[in-house]
Structures are given as structure tokens and as C-alpha cells.
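Taking it in order: structure first as C-alpha cells, then the write-up.
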Amino acid sequence: MPAVTPVGTVPALTPVGTVTLVPTVTPVPAMTPVGTIDPGARSDPGARSDPGAPGARDDPGDPGAALAAALEELARSPPGRGARLALVEAALAAMPALGAERSLAAYKALLRLLPRGAWVPRGAVQRLLFPFPRQHECGLRLLECMERHGVMPDAEMRFLLLGVFGPRSRPLRKLQRMQFWLPRLRHLDPHPLPPRLPPGLAAARLGLQRMATEPGATVTLVQRPVPDSGDDEGSVQPYILSSQSPEQRELLARHGPDRPVFVEGPFPLWLRGTLLKYFVLRGDPLPPHLRDPPLDPERSFYFPLRLELDLERGPWDDEDFHVDEVEEGPVLALCVAGAGDRRTLGRWLAALQRHNPALGRTPVLFRLTPGGDPAADPPQGPRDPRLGAGTPGAAALEPPEDGGEPPKSSGE
Amino acid sequence: MTAALLLLRALRAARASPAARGLRTAAPRRAFAKELFLGTLRKEEVFPYPEISNEELAEINQFVGPVEKFFNEEVDSKKIDQDAKIPPETLQGLKDLGLFGMQIPEEYGGLGLSNTMYARLGEIISLDGSIAVTLAAHQAIGLKGILIAGTEEQKAKYLPRLASGEHIAAFCLTEPGSGSDAASIQTRATLSEDGKHFLLNGSKVWISNGGLASIFTVFARTEVVDKDGQVKDKITAFIVERDFGGVTHGKPEDKLGIRGSNTCEVHFENTKVPVENVIGEVGGGFKVAMNILNSGRFSMGSASAGMIKKLIELTSEYACTRKQFNKKLSQFGLIQEKFCLMAVKAYVMESMAYLTAGMMDRPGFPDCSVEAAMVKVFSSEGAWACVSEALQIFGGLGYMKDYPYERYLRDTRILLIFEGTNEILRMYIALTGMQHAGKILTDKIKAIKKGNMGVALGEFLTRLQDTLGRKVDLGLVGDRGVVHPSLQESAKKLEENVYYFGTTVRGLLSRFGKTIVEEQLVLKRVADVVINLYAMTAAISRASRSISIGLRNHDHEVLLTNIFCTEAYFKNNYAMAQLEKYADENLDDSIKKAAKQILEKRAYICSHPLDRTF
């Protein structure tokens, strides 16, 4: 049981923690033993469904529980103020690495390390003058860390904060705002991703499923990556993941061999911090006279499908125009590949031909954007933040605006 | 009884043939319903209410007696429903009564009934849903093709045995992939090398009488050479005998209602059909199918009315005897309301059905398909509502299999579905009317759109007058009116509705033009309004006649008519007010959006009321 291990490591941790009085010191050596507490914690990142869910709080498999237990042990020893503060900050920085960043219990345990009542401002005047700035900032940072990972504070958290920082203090305000906004924003994302994004092929599968939302769309693995896991996944042979719906298959069958189809790409797709590159097989938009074949007048037994009138729709009731409805050719298939060279894409097309015999007779033109070759710049998940990497900057958590390089942790 | 009938038949055969019931020389007439879309009410079409002669009345009454007796005494509907089969002796009884050839002319051995008389018999036959459907599948669609488009030889060859019931007919149109879409008909008929036969291959599903029938009207694709020399696939209608070989059927389908009727798949495998068995011409099957389908619908009105009249008898007996809280059920307002609803619906659908039948029996070639479709939609929905209310009066008892109400409920459900679903018929009604109105209004609307000041000003002035409150007078009431003064109020409401419906249609046409085909929510409202208008007309016309000639209980008819017209008037006004509005105001946009979100996920997407986020 991992819960046993941390207790054993605590004595080793405590003296070091008390030695590092200066908060700016890199906490790497101090926290390293803690990092080894639960080596298996990171192995199944998708296992925890929804960390913020009320029922998931005291999940026994929670990797944060190990940390919490260790911290609880710490809390029993007499507090030394500055050391506790430094310890909390160091722990906060290390939490993602420990896999405890979504554990409410861990945050609570951190709060319990802090002295109760010592940092509560006395009187209104002191409260106005930013009391105990470093200490309160530390509380704020803890809450920010929770907010970033979508951990919902509960009533006990509020009670702990009240004890440490007092009512109407800045951490309490922050808590109130979090309690107001976090529940409202929790289901904002219509395409939720698992709390921890799996690396490589699995991420590609998620991305493809997010783009191809037709219920009948099937995602097929055209080519397995070699080696098929690890950091250098797909370095020998890239993966190819293809998606096509029955409707797209029908469109392709009807496309006809006289007009070419195009392979376009690579286009960027961000899944949190992971950049995927996808390719599209598309046709040109049909000329208007070919788009709607004339309706057979002898088609519907019961009612006319068309009126023989010389009247168009009035301009004041024409609601069909939308700026986002730009004429585009039909998308016939999608693929996410580990590399964007022609050989890889050729293999994708060959696989498509198995279900789309029409593709064999249709000329295929490659319209690949130069410089966007993902082979030169393989898509990579966010590297595991190593201990001591520090808190990643807020900007690094989001994809850059220009869609260029994948974000890199500041410490790398 | 049979002897009496045979005598009767012989007597009638001596009389003039039904073709001589009316002169058939007049020009095609402009139909009543289509004119409603222009805001005009062709009162000469519907006033006075059509009558039949005394001789015809006596004749039909002679039929009604024995048929009624037969249905009351010898038909065990419960058993038919349980066994999912009509017993052979019941079928034989129906055959002896001549009910398998009601509309087949007498020279071919049928009863040669007019549409009106057919509707009258339909009232009784509908007392058992399974028998009604079996008979309708046989003669309203099954053999109708031969009757309306067959050659003399085909008629002489097939009709006598069909009329006697020796052969039963079935109508084979629906295929696994095709309900109302002709393009997905896969059954194929290929001409043999000697040019004397077609080889028929394919499967048809949900064929009523499929297991009983020996004569099938089958629609199949054939290759036809166009005028410009191109080979095209077109639909052709065939008469197929079971004896041609290669005809098999599946086991009867297990259905919700009308369980006694036989519904199954029919397969044709290399069935050899002689070329002389083509109905109409090769490649002309589409028109044949349309005509058959359009002509069969009106009788549902009288059939439903017959059923509801029976239900009123059964339920009122119960309501007047059962006591709750020391009061009879019949003394409760909510129960009274149900009886009123049933009576109004029955009265109106009866009026519509016989008005339409009367129009169809007139000389000339009246095109009453829109009217017939309106009767079908109104009466099927009315029947469903009334049966449900009747069951409700019985409460828990109605839900039990010991009582017939649950069977009526199950049997009635099919009315909304077959012979063209009500949704599809609403499209038909609205679009046919729109097409008619559009042809006449196109020039005017175009002139306004182009900016012809004179026409636009005229239009503006009419609109202005409308908004200021126009006194609409279409000539129903007043000095030269055709409606009895006691129905003045209702007639006024009808006039006003008709006039403003014309305005609404004009507005819709100028707004949507021919793209109105895509606006199904708009078309549905249009169809609802015009169905109500036709229903109001029929009720007023009938009540007016009753009161004028002094029929028994005519005051009750006036009452029912006034109730219906007032309700329909408000419904129409509401629908037309919605039609005036644009899609974002009359909820159409929201409805479509909600449906889109649901269909994207293919599920109900709301969170559970017990879900939490914190």
C-alpha cells in the first residue's frame, strides 16, 4: 500500500524542511523523497473521472491521499512558522509532479500545516493595510493552484481558511469567488477531455473523435506507431489514425473520377497543451448546376416536392445567410498522423481505398503547407514537469495564439 | 337474407347503371378547397348541402339494415382481435352481403354504390377495425387501379370475381426502403425477349391482405424509352395473379391494432406477368398510384363518425348509471365536456365526409383530392381524441381488456398513419393550395416586388382597410345569403376567417415564394387553418339544411355547429397570427434549434434534476 510508504519517509523529510528557511531556495532536494512516495500514481492518468465531483473527493485510489497522509504526519510536530510557509509553497509547486494537484484532501492537509489564528488581522485598520502579505499570498497561491486544476473548495476548506487567515481576508474573498464561479464554469466545455491527457496515439484518437462528431464515424488505426509507447513513440514509424463516416463514404463514392480530391494540411489542433496535426481529404465545392440534381417530378406519391411557381423568396425573409456558412467543398475523410510526409499520407489513402474503391480512380492532389511538416517537429504532450520545475506560467497552460510551437515548461 | 339481396341486386341491375346516376358531361370544376387559399368561398359548391334522391335513400337503407344486423350479431370483434384472424364464416358473410364489391359497377357484379352510399356503409363496417381495413385494402386501394385505369378486358376478367369476394385484392406499393418515396422502389419488371411478358422481381412489405389476396396491384420499375430516346426507369402498375407463380408471402405481422387484418410481406420471384396486365400504360404507374391513393381517403370520415356514434352510446349508458359521491358521472362538468367533444367531432367529420362524397358524386370530373385529404386528417385525429376520451370516461375499466375501449384505441391509432400519414397529407393539402393560389397571384406579387406603384398602393390600401377593421361579406348571410339566420354568427366567423386566410396566403407567397416547400412548420399551420375552414363550412352547410327542412333535433345540430365554429375561429386566428410573424417570433426558430441540438446528440441532453456542480 502506498499509504504506508509516506509515513516511513516523513522523518527524512522533516529535518530538511525545517532547514530550508529561505522560501526562494529550490525545493528540489527537500521534496525528492516525497516524489518517490507513490511512483504508480501517474501511470493511469485517465482513471479519475472528474476530480471536482462531490463523490470523488475521498477516493481511496487518490494519489493525493498519500501526500495528505504525509502532511498530516508533519502537522503533528510543533510548527515553525517560516518553515511551514516554505514547505507549503514547495509542496504547491510539486503537486502536479506528485499527481496530487486534483486532490482536495492534499490541499486541506497543506492548509492544516499553517498555524491557526496567528495570521488573522486584528481590527479593521489592520485588515485594510494588507496584513501578513507573504502569508496571505501563500494562501492565495494555494487557492489559485486549486482553481487552475478545477478543484472545488468545500465547507471544510472554508473553515480551515477562516482559522488561518480570518474572515474577510483576501484568501477568503478568493474562496468566495471560486465557490461562485467554479461550479458555473465546470461544464462549459462541450467537448470535455479527461483530466489528464494521455500521450501520443491516445491523444490523437481523442482529437479525431472531437472533430468527427457524426455518430456513425469510425476511427481506424491505419498504422501502429513504432515504438508504440514512451517518449519516443512513433519515432521509427509514425501512427496514422483515420476517421470516416458512412455519409462521407457516400459523398466520396458520388464524387466521380473526373474531378480531383485534395489532401490538405497539416492543420493544428490543440488539446490543452498538446499539439496535433491533422489532414483533410476534401473535394471542391460543386458547381451550382451539379449540386442539386433536378428533382424527379414522379418522386413523391403523396405531396409535391416542388412548386411550379415563378416566385423567389422575399429578401426580407431570407434568413439563410450566415457569415459562418462559407461555401466549402465536402470533407471526405480526416486523419491525424504522427508525420506529414507524403509516404505516410499515401499509406492513409491506400487504407481509405479499401472502403472507398472510387478513390482508386480519382486523382488525388496534395496541398500540404510547407514548413508545417510535423515530422520535423513531432507533436508532444506536455513533458512531465520535473520536480523543481517551478509552477508553470499561466501562459504556458494555454496554446499560444499563433499556433506555432508547442508550449514548453519554463524550467526546460 | 342472401336471397333478398340477390333479388335486390337483380332489381337494381334492371335499373339504370350507376354511370347514369349523374350526367358526366360537364367541364372539370374548380374545386372548393383550393379556392379557399385565394380568400374566396365558392358557396355554390357547398350550399346547399348535397342530398341524395329518395330512391337512393331507400336503396341504401335497404342495405344498411342487413349489414348492421350482421355486424351486431355475427361479428365477434373481441375474438377477431385475440386470434388475429377474421374467421372464414365471417368473411363469407361479408361476401354474401356483397361488401367486397361495393363500388364495382353492377355490370361486373358489384353493388355499384356511389361515393355517398359507400360512405354510409362505411359507417357500419368501421365497427370492427380489422374488417374495415380488410375491406378497404381490397376495394379502396387493392382493386381501385383496375376500376379507374383498367381496360375493358381487364375489368371484365377480374372485377366479377373480385366483386363476389372469390378473389381478394391487395395493393403492393410499399417496400422496405420506401414509404412515400418513389425513388426507392426496387421491385423490377423486365420485358421478356418475346415481348409478351414482364418478369417481376422484388419484395413488398406491410401489404394488407397480402396473405389472403389472389390479385395484386403491384408497382415496379420498368425501363421506358423517353421521347428523346433515352432509356429511363419508370414505375408501372401491374395486375398480378397469385397463380402466375413465384408469389410468396411472409408470416402475418404482429400489430398493435387492427390485429385481425392480414398484413405481411409479399415476394415476387420471376413472376411472369403478361403485358396485357399492365394498368394504364407502361411507365404510367406513378399517376395510377397517385389517383388510387387520392381517391380512397374520404370514406374515413364517415367510418370514424360511425365508430364515435357507437362509442357515445356505450359511454353515455355508463355515465348515466355510475355514481360517485352520490352523483351520477353525467352530472360532472368534466364528463359532460367529453360528451360534447365527441358529439361535435362526430358531427363535423360526418358533415365533411358526406359533403365531400356528395361533391365527388356530382357530374363532371371534380378533383376532390384535397378535400378528401382534409377529411382524412380531421377524422383520424378526431377519432383518436374521441376514443381516448371515451376510454377516460370509463377510467380504469376502460384500460381493461374486458371492455372494448382499449381495442378501439389500438385500432384507431393506425388511422393517423396509413393512407398517407397525417404529416404528409398536411403537406399535400397546404402545397396543393399554395400551388393553386401561387399561379393566380404570381403576377400581382411580382408587380409589387418590382415596385409597381399602382398595384403596391392598392395592396397597401387593402391592408390598411384590413387593419382598420373590415366588414367581410362573402355572401353567406344577409338578404341573398345561403345560411340560415340561426347560424349567422358562425357564418360570419367563417367568412372572416376565409378572407384573412386569403390575405395570409398572399403574404406567405410573397415572403417565401417557391421555397415555401421547405417551410414545413408554416405549411402545417396553413393546412390546419384550411382544414378548420372546410370543417366549418361543412358543419354550417349541413346544419343550415337540417334547420331549413326541419330535420329532427336540428337545434342540437345548430348548437354543435356553433360550438365548433367558435372554437375553430379562435384556433384559426391564433394560427394566422403566428403565420404573420417571422420565424424568430413565432417560435419556429426555437423549435428547430431545440430539435437540432437533440438530434445532434441523438439523446435528451438536459442534466438530471438531481445533478450538482458543487
(Q) As an exercise, identify the GluC sites (Glu not before Pro) in segment B:185-249 lying in DSSP coil whose Cβ has no more than 12 other Cβ atoms within 10 Å. (A) B:E193
Q) On full extension of the chain, what length is gained from A:E327 through A:D292, given 0.36 nm per residue of separation minus the C-alpha to C-alpha distance? A) 11.1 nm
**Q.** Point-to-point label distance, B:V224-B:A183, nm (Cα→Cβ direction, 7 Å offset)
**A.** 1.8
Q: Give B:K34/B:K439; B:K95/B:K309; B:K85/B:K287 a once-over and call out the pairs whose C-alpha atoms are over 22 Å from each other.
A: B:K95/B:K309; B:K85/B:K287
**Q.** Sites matching trypsin sites (Lys or Arg not before Pro) across segment A:109-202 that sit in DSSP coil, with at most 12 neighbouring C-beta atoms within 10 Å
**A.** A:R122, A:R168
**Q.** Distribution of pairwise C-alpha distances over segment B:423-598, 10 Å bins, in %
**A.** 9, 31, 32, 20, 7, 1
Q. How many percent of the alpha carbon pairs in segment B:169-287 exceed a separation of 18 Å?
A. 49
Q. Taking the Cβ-Cβ separation of A:E156 and B:L587 as r and a Förster radius of 41 Å, what is the calculated FRET efficiency to the nearest 0.05?
A. 0.30
Q. Which aspartates and glutamates, on any chain, are close to B:K492 with Cα under 13 Å apart, when same-chain ones fewer than 8 places away are left out?
A. B:D473
**Q.** Residues of segment B:74-100 with amide N under 18 Å of a point placed 7 Å along Cα→Cβ from B:K251
**A.** B:82-86
Q: Whole Å is fine, so just give me how far the alpha carbon centre of segment B:325-397 lies from that of segment B:493-507.
A: 25
Q: Note the full-extension length gain between A:R299 and A:E250 as 0.36 nm times their separation in residues minus their Cα-Cα distance, in nm to one decimal.
A: 15.5 nm
Q) For B:Q520 and A:L128, what does the FRET efficiency come to when R0 = 60 Å and r is the distance between their Cβ atoms, rounded to the nearest 0.05? A) 0.35
Q: Select from segment B:151-186 those GluC sites (Glu not before Pro) which occupy a DSSP coil region and have at most 16 other Cβ atoms within 10 Å, ordered by residue number.
A: B:E166
Q) Once the piece of chain linking B:A595 and B:K401 is laid out straight, how much longer is it, given 0.36 nm per residue of separation minus the C-alpha distance between them? A) 66.1 nm
Q: Would you please give the FRET efficiency between A:D228 and B:D443, computed as 1/(1 + (r/R0)^6) with r the Cβ-Cβ distance and R0 = 56 Å, to the nearest 0.05?
A: 0.20
(Q) Taking beta carbons within 10 Å but only from partner chains, what does the mean come to for residues B:413-424? (A) 1
Q.
For A:D310, project a label point 7 Å along Cα to C-beta. Then give me every residue of segment B:481-507 with its amide nitrogen under 20 Å of that point.
A. B:506-507
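Computed from the coordinates by the stated procedures, all read-outs in this text should not be read as laboratory data. Remember, predicted model here, so these are calculated numbers, not experimental data. Reconstructed Cβ throughout: ideal geometry from the backbone, glycine too, with neighbour counts over all protein chains shown.
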